[in-house]
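The values are calculated or read from the model by the stated rules, or taken from the named source; none is laboratory data. Just so you know, these numbers come straight off a predicted model, no measurement behind them. We place every Cβ from the backbone using ideal geometry, glycine too, and count neighbours over all the protein chains shown.
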Amino acid sequence: MTEIEIGRGKRGRKAYAFDDIAIVPSRRTRDPKEVSIAWQIDAYRFELPFLAAPMDSVVSPEAAIRIGRFGGLGVLNLEGLWTRYEDPEPLLAEIAALDEHDATRRMQDIYAEPIKEELIGRRLAEVRESGVVTAAALSPQRTAQFSKTVVDAGVDLFVIRGTTVSAEHVSSAAEPLNLKQFIYELDVPVIVGGCATYTAALHLMRTGAAGVLVGFGGGAAHTTRNVLGIQVPMATAVADVAAARRDYMDESGGRYVHVIADGGVGWSGDLPKAVACGADAVMMGSPLARATDAPGQGHHWGMEAVHEDVPRGKVMNLGAVGTTEEVLLGPSHTTDGSMNFFGALRRAMATTGYSELKEFQRVEVTVARSR
């Protein structure tokens with residue numbers, strides 16, 4: 001790809017966010033009722049191609065069950081308040097009421113409470129007993145410590161999620177997680193990320209992961225670019241990782257690894273753009289945090305915001321627009337793309353003539369910044 005000269009000693013590749021691209025209609029249209037947006041990963045089929053982000057503002061055991069019944073997958077954060085406290089509801093309410101100036105320090109104190117293994121088992125059992133697919137997330141640093149407890153509790157899908165996860169972590173302080181060995185020995189499918197480049201994604205695919213998360217997590221609530229200077233715009237990142245998936249299929253003799261866009265999907269129009277760039281599904285945080293029945297009560301934050309040394313996020317007051325069902329399935333009462341995400345995806349596919357998600361990945365796009 002064409003590089004731009006930043007200065008005599010540095011060149012950079014131009015990259016695009018979802019805001020920078022638009023989907024181009026084709027010669028054919030289709031009735032939205034004839035469009036399938038179902039998604040399957042390993043043995044698990046979902047009517048809606050999304051994972052609810054493992055963030056305390058988005059997923060509680062109750063929310064995971066609700067999301068599962070609507071056809072999505074709620075991923076419980078096993079390093080969050082639900083595995084640190086018997087009753088986190090008062091703390092969720094406190095965080096929602098925090099002044100922006102005091103929020104980071106107080107949240108660091110709240111999240112300093114140790115994780116309790118018995119609570120991990122109890123929370124997962126609550127979700128599993130409801131009959132929905134059970135998914136849970138740990139950071140790479142905590143995976144080895146708690147993975148046995150997670151598997152023993154009966155999790156169906158396991159997510160290893162960090163700001164950036166690599167297959168070649170180097171550390172002189174502790175033995176790094178051997179992702180390939182870990183995934184091989186685990187009895188459940190593993191989704192791992194984030195990553196944002198072709199090479200990093202290819203290495204993660206070679207570990208045996210069932211899916212790869214694209215992006216740095218946290219989405220609207222993270223400040224990673226401000227704090228660390230790190231960012232890859234999502235349209236380019238997803239397209240690069242989709243290229244890695246294609247090449248890995250050739251390399252592995254046909255093994256398909258799912259590409260999941262984690263970040264950048266803040267409005268319903270971003271969802272079809274993510275699929276158009278090559279995503280099989282998306283991980284959603286801020287849209288679900290806007291639900292009136294979300295755990296964060298209209299506020300949104302991730303684990304990046306409570307890091308003990310270098311916090312890279314903040315509590316955001318997004319406001320509430322409607323119930324989880326209205327955010328996902330409508331009907332919508334707004335014109336800004338904050339509701340009926342999957343009605344919008346279905347209509348975008350119908351408008352461009354596609355009936356299946358994998359077909360829709362071939363839709364034409366153009367570079368046309370809108371916001």
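Filter segment 117-143 for residues that are hydroxyl-bearing (Ser, Thr, Tyr) and crowded, with 17+ Cβ neighbours inside 10 Å; which is nearest to residue 67 (Cα to Cα)? That would be 134.
Residue-by-condition table, conditions (1) among the β-branched types (Val, Ile, Thr); (2) touching a Pro at 6+ places or on another chain (Cβ under 7 Å); (3) within 28 Å of residue 158 (Cβ to Cβ); (4) assigned to a strand (DSSP E or B):
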| position | (1), (2), (3), (4) |
| --- | --- |
| 12 | no, no, no, yes |
| 25 | no, no, no, no |
| 30 | no, no, no, no |
| 36 | no, no, yes, no |
| 45 | no, no, yes, yes |
| 63 | no, yes, yes, no |
| 69 | no, no, yes, no |
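Against the test of being closer than 25 Å to residue 42 by Cα and either modelled with pLDDT of 95 or more or of a type in the set (Gly, Ala, Ser) (or both), the options 276, 220 yield a single qualifying residue, 276. For segment 314-371, the set of residues classified as under 22 Å from residue 26 (Cβ atoms), loosely packed, with under 13 Cβ neighbours inside 10 Å and not charged (D, E, K, R) consists of 366, 367, 368, 370, listed by residue number.
Residue-wise test of (1) surrounded by 24 or more Cβ atoms within 10 Å (Cβ to Cβ); (2) in contact with a helix residue (DSSP H, G or I) (Cβ under 7 Å, 6 or more places away or on another chain); (3) over 17 Å from residue 42 (Cβ atoms).
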{"position": "189", "(1), (2), (3)": "no, no, no"}
{"position": "194", "(1), (2), (3)": "yes, no, yes"}
{"position": "197", "(1), (2), (3)": "no, yes, yes"}
{"position": "212", "(1), (2), (3)": "yes, yes, no"}
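Per the conditions (1) β-branched (Val, Ile, Thr); (2) surrounded by 12 or more Cβ atoms within 10 Å (Cβ to Cβ); (3) within 30 Å of residue 369 (Cα to Cα); (4) modelled with pLDDT under 95, the sole criterion not satisfied by residue 4 is (2). The conditions of being surrounded by 19 or more Cβ atoms within 10 Å (Cβ to Cβ) and either at pLDDT 95 or above or within 20 Å of the chain's Cα centre (by Cα) (or both) are not met by residue 22.
On inspection, residue 152 does not qualify as more than 15 Å from residue 75 (Cβ to Cβ) and either within 22 Å of the chain's Cα centre (by Cα) or free of Cβ contacts under 8 Å to residues at least 24 places away in the same chain (or both). Residues in segment 336-371 that are modelled with pLDDT of 95 or more, within 25 Å of residue 14 (Cα to Cα) and basic (Lys, Arg): 362 alone. Could you please let me know if residue 56 is in contact with a Phe, Trp or Tyr (Cβ under 9 Å, 6 or more places away or on another chain) and either of a type outside the set (A, V, I, L, M, F, W, C) or farther than 18 Å from residue 285 by Cα (or both)? Considered against the rule, which asks whether it is in contact with a Phe, Trp or Tyr (Cβ under 9 Å, 6 or more places away or on another chain) and either of a type outside the set (A, V, I, L, M, F, W, C) or farther than 18 Å from residue 285 by Cα (or both), residue 56 comes out as yes.
Is one or more of the residues making up segment 92-104 touching a strand residue (DSSP E or B) at 6+ places or on another chain (Cβ under 7 Å) and surrounded by fewer than 19 Cβ atoms within 10 Å (Cβ to Cβ)? Yes, segment 92-104 contains at least one residue that is touching a strand residue (DSSP E or B) at 6+ places or on another chain (Cβ under 7 Å) and surrounded by fewer than 19 Cβ atoms within 10 Å (Cβ to Cβ).
Among the residues of segment 241-250, those identified as over 17 Å from the mean Cα position of the chain (by Cα) and either touching a residue at least 40 places away in the same chain (Cβ under 8 Å) or in a loop (DSSP other than H, G, I, E, B) (or both) are 243, 244, 245, 247, 248. Every residue in segment 312-353 that is under 16 Å from residue 292 (Cα atoms), touching a strand residue (DSSP E or B) at 6+ places or on another chain (Cβ under 6 Å) and not polar (S, T, N, Q), please. Selection gives 316, 318, 327, 339.
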